[in-house]
2 protein chains.
Amino acid sequence: MMRLSRYFLPILRETPKEAEIVSHRLMLRAGMIRQEAAGIYAWLPLGLRVLNKVCDVVRAEQDRAGAIEILMPTIQAADLWRESGRYEAYGKEMLRLKDRHERELLYGPTAEEVVTEIFRASTRSYKDLPKNLYQISWKFRDEVRPRFGTMRSREFLMKDGYSFDIDQAAARHSYNKVFVSYLRTFERLGLRAIPMRADTGPIGGDLSHEFIILAKTGESEVFCDQAYLDMPVPPPSVDFDDVAGLQGVVDAWTSHYAATDEMHDEAVFAEVPEASRLSARGIEVGHIFYFGTKYSTPMKAVVTGPDGSERPVHMGSYGIGPSRLVAATIEASHDEAGIIWPDAIAPFDVALINLKVGDGACDTACAEIQAALETAGLSVLYDDRDERPGAKFATADLIGLPWQVIVGPKGLAEGKIELKRRASGERETLDPVDLPARIRRL
Amino acid sequence: MMRLSRYFLPILRETPKEAEIVSHRLMLRAGMIRQEAAGIYAWLPLGLRVLNKVCDVVRAEQDRAGAIEILMPTIQAADLWRESGRYEAYGKEMLRLKDRHERELLYGPTAEEVVTEIFRASTRSYKDLPKNLYQISWKFRDEVRPRFGTMRSREFLMKDGYSFDIDQAAARHSYNKVFVSYLRTFERLGLRAIPMRADTGPIGGDLSHEFIILAKTGESEVFCDQAYLDMPVPPPSVDFDDVAGLQGVVDAWTSHYAATDEMHDEAVFAEVPEASRLSARGIEVGHIFYFGTKYSTPMKAVVTGPDGSERPVHMGSYGIGPSRLVAATIEASHDEAGIIWPDAIAPFDVALINLKVGDGACDTACAEIQAALETAGLSVLYDDRDERPGAKFATADLIGLPWQVIVGPKGLAEGKIELKRRASGERETLDPVDLPARIRRL
């Protein structure tokens with residue numbers, strides 16, 4: 001039960017001029033975030049609810065694919081990064097610091113070294129493989145020019161997972177599991193993400209895909225075959241232990257042309273039938289890597305194989321950024337009036353709007369509706385503020401909850417309330433008792 | 001569905017010699033945590049599950065008391081702490097750092113400044129009060145000698161809440177709400193915590209209580225009246241808007257003698273009837289402060305009162321440390337064989353032990369039992385490893401799940417399995433179909 005009069009929803013009336021892209025503007029205006037330093041944000045109640053819902057979906061799909069959740073510290077020892085050879089190589093994006101004893105530490109931008117240390121300390125035999133350990137935690141990358149709100153912030157939330165396998169073939173299956181889990185994750189978030197072969201960058205390795213969603217305000221240009229827009233995503237029942245089956249899914253999802261600017265080949269793209277060629281702006285929302293023994297060899301993460309000999313494990317790492325996904329979803333789903341949340345990650349399901357607070361009939365009807373909706377498992381933000389109807393409608397449209405239930409004295413006199421679907425703008429008048437079933441039907 | 005053969009549970013056979021207290025030893029041995037640097041820990045799957053359960057209880061009771069969840073960044077701007085005057089004052093426990101542009105930042109040890117900034121940016125009128133904003137997030141305090149595992153780590157998880165009120169009387173009510181919510185939180189966690197009048201330290205202010213649990217290995221000496229051990233905690237139906245009612249609860253819970261070492265007065269304690277005098281070791285698990293306008297005045301967090309004049313808000317701050325609570329719970333609840341989890345925060349409800357993996361009858365029975373327990377809403381860790389029974393029993397006792405279900409060929413031949421309650425050691429033999437109801441009864 002949340003009443004807006006008791007909530008903390010600091011709506012901005014003016015459009016913040018520092019915000020260059022629509023998601024940044026809308027997240028500030030809707031009171032979802034507040035900037036505390038360059039590229040560093042506080043998540044206010046409405047924003048945090050969305051962020052947590054995104055994490056819930058990410059977590060559920062990782063668990064389904066057999067990954068196991070852990071939580072590594074944000075502050076890491078520099079010495080661990082010296083073992084892998086990345087401490088000097090990583091550059092200025094890594095936030096380095098010293099503690100009171102002058103020991104060198106850093107704020108983790110990623111966690112290959114830490115997870116490799118955890119793995120090597122405990123795992124001795126190929127019988128304990130495969131393993132995929134993941135966490136959802138805050139990272140820091142000291143970008144030169146942080147911008148675009150939580151789309152490219154310095155402190156950001158990331159789900160990072162790491163797989164450990166006995167050989168390349170097994171590692172490929174682990175990679176495919178995550179590939180498919182990411183397809184499912186984005187689908188559940190209401191986004192169509194297209195896997196594109198990617199450069200491996202500072203993580204290293206030789207097999208990598210970025211997952212890109214298309215949005216006008218995307219950060220980079222991407223080129224792909226339209227076929228990806230309608231390709232089916234595997235259902236919840238997909239068998240993650242079926243090696244050939246998963247490879248088939250990955251093959252299908254990599255069979256057509258798809259490339260980011262960096263990897264684009266105009267000549268190959270020209271072979272795609274013209275009607276299917278799509279060039280657009282894209283936002284990277286996930287990135288997966290297979291990098292073999294790049295970390296396990298220098299860090300001596302070895303297991304005994306079936307023949308009794310020791311060998312370094314084959315690893316991959318896999319990232320999705322929930323704080324970026326919140327912004328990316330808004331880029332893909334908004335209109336002039338504000339945000340349009342997909343049902344799966346809406347901060348509340350229903351905006352309940354009382355047009356005449358203090359009117360006995362309206363107050364009673366709203367209390368009953370709220371109780372009925374919550375009993376039906378729906379979350380409700382009840383606008384019980386002493387405000388004009390126009391301001392309430394504007395707030396509801398801005399914060400973008402999927403449903404608006406409008407209760408006023410005129411309608412109530414006839415036993416009716418109004419229901420509006422935020423996405424389509426469709427309105428209907430109905431009896432309050434029919435409301436939970438009507439909303440649940442969708 | 002979690003099978004131990006696929007889980008990541010790195011049990012230690014040896015007792016780690018660096019661990020001085022039993023909770024630290026058991027958390028390492030049970031594969032709950034791993035130290036990554038001095039006072040900095042990774043939470044492994046079993047530990048993370050407990051930590052999340054503690055957070056769920058903390059969150060539920062904060063929400064019940066009307067507090068609203070937000071999430072502030074871990075990295076804060078030094079300038080904000082200059083506004084309050086604490087930047088220079090805080091000392092070496094604060095981890096200070098500089099970004100690539102040489103801007104001064106710090107890893108937040110607490111968040112009074114940030115939350116005051118968030119509040120002042122949006123709130124203008126007494127009509128928007130009271131507010132209590134809280135977060136559950138990682139903090140860093142650079143202790144000289146971090147020790148005792150997650151009991152006193154440098155990077156630690158804290159629920160920190162902050163209340164904003166128009167005057168001292170209203171702030172007192174906000175303080176009382178949290179006081180009562182904390183009583184309820186510790187009760188639900190299976191702990192008896194005693195509020196003790198406390199020194200306010202670097203947070204400042206003039207009203208403060210620590211919540212202390214009694215444990216032989218506690219960090220400090222405490223003195224109190226035995227009456228606190230049986231005092232009833234308010235039920236879930238407690239009305240947090242009832243000003244006089246809450247004050248009555250707080251009065252009752254502060255009516256008897258209770259003091260930490262620092263605040264102890266031997267003469268006053270001597271007036272407690274001898275049979276009721278209790279001196280013991282204690283662990284601080286919560287700390288609450290009312291500090292008036294200490295931050296709002298210098299930081300200009302003002303609202304307009306009913307008379308139209310501006311005034312600084314009265315504030316309080318309130319902390320519970322979930323990562324410390326995990327260790328404190330173990331200090332209070334263990335035996336020679338390992339941890340004994342209270343039901344509310346056990347990582348899984350049931351350890352399902354298959355004594356003969358590969359035996360058709362045992363495997364089938366375990367699969368059926370697991371499905372039946374999960375259908376009944378219980379979480380199960382299934383020991384399907386190829387290990388001797390003795391090793392399985394030792395693991396189950398060590399990790400301390402509340403129930404052990406033991407499935408072996410002899411019992412199955414007679415249609416029976418064994419159920420053991422970890423806390424009492426009681427065992428009974430029963431028909432597998434009766435299991436869910438038997439466990440649910442408690």
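Derivation of every value follows stated rules applied to the coordinates shown; laboratory data play no part. These figures come from a predicted structure and were not determined experimentally. Positions of Cβ are generated from backbone atoms using ideal geometry, with glycine treated the same way; all protein chains shown enter the neighbour counts.
Hey, got the average number of other protein chain Cβ atoms within 10 angstrom for residues in A:100-108? If you can, show how the numbers build up before the last one.
Details: counts 10, 4, 0, 2, 0, 8, 1, 7, 1.
Counting other chains' Cβ atoms within 10 Å and averaging over A:100-108 gives 4.
Tell me what the protein assembly as shown gives for mean residue ellipticity at 222 nm when only DSSP H runs of n ≥ 4 count, each as -39,500 (n - 2.57), the sum divided by the residue total, rounded to 500 deg cm²/dmol. Spell out each step's value before the answer.
Values: 27 runs with 270 residues, N = 884.
Calculated at 222 nm, the ellipticity per residue is -9000 deg cm²/dmol.
Rounded to the nearest 10 degrees, what's the angle between the helix B:322-332 long axis and the longest principal axis of chain B, both from Cα atoms, 0 to 90?
Here the helix axis deviates by roughly 60 degrees.
Using a Gaussian network model of chain B with C-alpha springs under 10 Å, which one of B:387, B:102, B:20 is most mobile by mean-square fluctuation?
Result: B:102 has the largest fluctuation of those listed.
With just the Cα atoms of segment A:348-438, tell me how far they stretch along each of the three principal axes, in Å, largest first.
Per principal axis, max minus min of the Cα coordinates gives 30, 28, 20 Å.
Which single residue of chain B puts its beta carbon nearest to the axis of rotation relating B to A, and what distance, in whole Å, does that give?
B:97, 2
FRET efficiency for residue B:254 and residue B:418, Cβ-Cβ distance as r, R0 = 45 Å, nearest 0.05? Before the final figure, lay out the partial values.
On the way: r = 47 Å, r/R0 = 1.05.
With a Förster radius of 45 Å, E is 0.40.
Roughly what angle does helix B:112-122 make with the longest principal axis of chain B, taking Cα atoms, 0 to 90 degrees, to the nearest 10?
Compared with the principal axis, the helix lies near 70 degrees.
For segment B:222-253 and segment B:138-209, compute the distance between their C-alpha centroids and round to whole Å.
So the two Cα centres are separated by 17 Å.
Where in segment A:152-196 is the amide nitrogen less than 18 Å from a point lying 7 Å along the Cα-to-Cβ axis of residue A:276?
The answer is A:194-196, whose backbone nitrogens lie closer than 18 Å to the label point.
Over chain B, with a Gaussian network built from C-alpha contacts below 10 Å, which listed residue (B:214, B:183, B:229) shows the highest mean-square fluctuation?
Judging by the Gaussian network model, the answer is B:229.
Rounded, prolate or oblate: which one fits the protein assembly as shown, using the alpha carbon gyration tensor with axes a ≥ b ≥ c (rounded when a/c is under 1.5, else prolate when a/b beats b/c, else oblate)?
Values: a/c = 1.34, a/b = 1.04, b/c = 1.29.
Rounded.
Taking 0.36 nm per intervening residue step and subtracting the Cα-Cα distance, what contour gain separates residue B:83 from residue B:60 on full extension? Walk me through the numbers before you get to the answer.
Values: separation 23, 0.36 × 23 = 8.28 nm, distance 3.35 nm.
Separation in residues times 0.36 nm, less the Cα-Cα distance, equals 4.9 nm.
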